[in-house]
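Colleague: Please see the structure below; I have some questions.
The values are calculated or read from the model by the stated rules, or taken from the named source; none is laboratory data. Remember, it's a predicted structure, so these values are computed and weren't measured experimentally. For neighbour counting, all protein chains shown are included, and Cβ atoms are generated from backbone atoms with ideal geometry for every residue, glycine included.
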Amino acid sequence: MKLSFSLEDEQFRQEVATWLQENLIGEFEKLKFRGGPGDEHMFPEERKRWEQKLAAGGWTCVGWPREYGGRGCSIEQQVIFYEEYARAGAPGRVGHIGAGLAGPTIIAFGTGAQKSKYLPGIVAGTELWCQGYSEPGAGSDLANIRTRARFDEAGARWIINGQKVWTSLAREADYCFVIARTDPGSVAHKGLGFFLVKMDQPGVEVRGIQQITGTSEFNQVFFDGAECNAGDIVGAPGDGWKVAMSLLDFERGVSTLGQQMQFQNELNEIVGIAKENGAARDPAIRQRIAKAHTELKIMRYNAMRMLSSQGSGAGSLQQEALIYKIFWATWHRDLGELALDVMGAESQILEHGPYQLSRLQALALFVRADTIYGGTNEIQRNIIAERGLGMPKERWQR
């Protein structure tokens with residue numbers, strides 16, 4: 001496990017930090033520490049402009065190969081970028097699904113035409129993406145989806161019908177990558193396709209889901225005869241499961257280190273409040289803060305171990321990666337509870353009217369979702385048992 005950086009890497013760190021310091025000013029000053037969990041509804045237009053500001057500086061897709069518009073940064077430099085981005089308080093990325101998920105998937109599995117069509121808009125920060133995986137009744141069970149795709153009579157276009165749910169940023173997205181069944185008689189992970197679908201078209205309807213925070217980061221998306229070109233399927237019909245699983249590898253990539261720096265910012269704010277209002281004098285609170293600090297360090301070391309094992313040719317998630325999602329989701333949920341307890345009675349007060357939550361109030365309510373989206377804690381335990389420990393599948397799955 002590599003925990004240190006070279007002199008060249010540290011010079012790159014200074015370059016990133018300096019650029020952020022010089023550009024996160026003026027109209028972007030108010031975006032600092034905004035757009036995170038429970039706060040993604042804030043300043044959407046300004047954050048879109050920030051995405052394009054990043055693009056102008058060459059910072060939208062730092063890990064992509066240069067031939068596709070990226071910087072070709074090493075793993076170490078990518079880690080540094082995400083750490084410094086969060087350290088500077090730069091806002092939540094509205095382009096992160098394109099830059100971190102859709103783009104790398106298209107690079108790995110897409111055709112030359114797909115790369116030419118879709119990658120430039122992601123790099124430029126002008127075209128945003130969302131993810132069409134979860135469905136009602138199949139939230140954590142991707143193999144149980146019912147959305148279907150069929151060729152039209154001329155065989156020139158795919159026609160998509162179905163419903164997706166918990167779709168982050170769907171209101172802002174220009175495109176959605178959609179998992180749908182290409183074989184009507186298929187079951188489980190067989191007979192799936194991975195489609196690139198334009199959102200602004202007849203047959204696509206987005207409905208916000210109002211959460212306990214009063215906001216609607218998540219959405220329902222209805223496909224009723226939505227279309228995409230015959231060439232807008234990544235891989236062949238039936239390859240959807242393989243492509244989708246590879247995308248999950250990208251999801252557990254270097255951005256995890258940036259996520260942890262955001263967690264550190266949240267913990268720092270909680271510690272500051274505890275010192276200010278006297279909660280830090282409570283030994284039970286101090287113990288919980290120490291526990292949060294320790295587990296965040298463990299999270300970092302495990303992430304570095306995950307990244308150190310990348311490129312080993314194993315072709316599947318390493319065991320250290322199997323525990324990552326359940327670990328951070330549970331930790332973040334507990335951090336929300338710690339925030340409320342540190343704030344005390346003040347955590348129950350809405351100072352500016354209904355749903356006018358402070359950042360930590362919104363965090364505490366929103367992080368309940370962390371243990372659900374992206375695979376529930378229960379599903380994560382199954383993955384650990386079956387893939388990591390080699391235990392047999394549950395009887396109903398055999």
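Colleague: Any residue at all in segment 340-350 that's outside any helix (DSSP H, G or I), modelled with pLDDT under 85 and either outside the structural domain of Lys164 (by TED's automatic domain parsing) or on the phi > 0 side of the Ramachandran plot (or both)?
Modeller: Looking for residues that are outside any helix (DSSP H, G or I), modelled with pLDDT under 85 and either outside the structural domain of Lys164 (by TED's automatic domain parsing) or on the phi > 0 side of the Ramachandran plot (or both), one finds at least one in segment 340-350, hence yes.
Colleague: Determine whether segment 2-17 contains at least one residue that is assigned to a loop (DSSP other than H, G, I, E, B), crowded, with 19+ Cβ neighbours inside 10 Å and at pLDDT below 95. Quick ask: steps written out before the conclusion?
Modeller: From segment 2-17, those assigned to a loop (DSSP other than H, G, I, E, B) are 2-6; that's our starting set.
Of the ones still in play, those that are also crowded, with 19+ Cβ neighbours inside 10 Å are none.
Looking for residues that are assigned to a loop (DSSP other than H, G, I, E, B), crowded, with 19+ Cβ neighbours inside 10 Å and at pLDDT below 95, one finds none in segment 2-17, hence no.
Colleague: Determine which single condition Ile212 fails, assuming it passes every other condition in (1) of a type in the set (A, V, I, L, M, F, W, C); (2) part of a loop (DSSP other than H, G, I, E, B); (3) touching a strand residue (DSSP E or B) at 6+ places or on another chain (Cβ under 6 Å); (4) touching a residue at least 60 places away in the same chain (Cβ under 8 Å).
Modeller: For Ile212, the failing item is (3).
Colleague: Turning to a different aspect of this structure: Residues being of a type outside the set (A, V, I, L, M, F, W, C), surrounded by fewer than 19 Cβ atoms within 10 Å (Cβ to Cβ) and in a loop (DSSP other than H, G, I, E, B): count how many of those fall in segment 31-68.
Modeller: Of the residues in segment 31-68, 5 are of a type outside the set (A, V, I, L, M, F, W, C), surrounded by fewer than 19 Cβ atoms within 10 Å (Cβ to Cβ) and in a loop (DSSP other than H, G, I, E, B).
Colleague: Any residue in segment 124-136 that is at pLDDT below 90, touching a helix residue (DSSP H, G or I) at 6+ places or on another chain (Cβ under 9 Å) and hydrophobic (A, V, I, L, M, F, W, C)?
Modeller: No, every residue in segment 124-136 fails to be at pLDDT below 90, touching a helix residue (DSSP H, G or I) at 6+ places or on another chain (Cβ under 9 Å) and hydrophobic (A, V, I, L, M, F, W, C).
Colleague: Please enumerate the residues belonging to segment 71-89 that are within 19 Å of the chain's Cα centre (by Cα) and either modelled with pLDDT of 95 or more or more than 24 Å from Arg34 (Cβ to Cβ) (or both). Before you say what the answer is, go through the steps one by one.
Modeller: The initial filter retains those residues of segment 71-89 that are within 19 Å of the chain's Cα centre (by Cα), namely 75, 78-87, 89.
Scanning segment 71-89 gives a single hit, Ile75.
Colleague: Every residue in segment 221-244 that is closer than 30 Å to Arg368 by Cα, of a type outside the set (A, V, I, L, M) and at pLDDT below 95, please. Steps first, answer last, please.
Modeller: So in segment 221-244, the residues closer than 30 Å to Arg368 by Cα come out as 221-223, 240-244.
Next cut, of a type outside the set (A, V, I, L, M) only: 222-223, 240-242.
Hits for segment 221-244 are Gly240, Trp241, Lys242.
Colleague: Take Gln356 and decide whether it is assigned to a helix (DSSP H, G or I) and either over 22 Å from Thr256 (Cα atoms) or assigned by TED's automatic domain parsing to the domain that holds Ala290 (or both).
Modeller: Considered against the rule, which asks whether it is assigned to a helix (DSSP H, G or I) and either over 22 Å from Thr256 (Cα atoms) or assigned by TED's automatic domain parsing to the domain that holds Ala290 (or both), Gln356 comes out as no.
Colleague: Now for a separate question. Which of (1) in contact with a helix residue (DSSP H, G or I) (Cβ under 6 Å, 6 or more places away or on another chain); (2) within 14 Å of Arg148 (Cβ to Cβ) is the odd one out, the single condition Gly225 does not satisfy?
Modeller: (1)
Colleague: Among (1) within 19 Å of Glu227 (Cα to Cα); (2) among the β-branched types (Val, Ile, Thr); (3) within 18 Å of the chain's Cα centre (by Cα), there is one condition Ile159 misses while meeting the rest; what is its number?
Modeller: Condition (3) is where Ile159 drops out.
Colleague: Let me ask another. Cβ-Cβ below 7 Å, separation at least six or inter-chain, first residue in segment 359-373 and in the same structural domain as Phe327 (by TED's automatic domain parsing) and closer than 12 Å to Glu269 by Cβ, second of a type outside the set (Lys, Arg) and assigned to a loop (DSSP other than H, G, I, E, B): which pairs?
Modeller: Arg359/Asp39; Leu363/Pro37; Leu363/Gly38
Colleague: Is it the case that Leu296 is assigned to a helix (DSSP H, G or I), under 30 Å from Leu142 (Cα atoms), at pLDDT 85 or above and not small (Gly, Ala, Ser)?
Modeller: It is true that Leu296 is assigned to a helix (DSSP H, G or I), under 30 Å from Leu142 (Cα atoms), at pLDDT 85 or above and not small (Gly, Ala, Ser).
Colleague: Being over 20 Å from Gly191 (Cα atoms) and among the small types (Gly, Ala, Ser) is the filter; apply it to segment 124-158 and report the residue that is surrounded by the fewest Cβ atoms within 10 Å (Cβ to Cβ).
Modeller: By that ranking, first place goes to Ala154.
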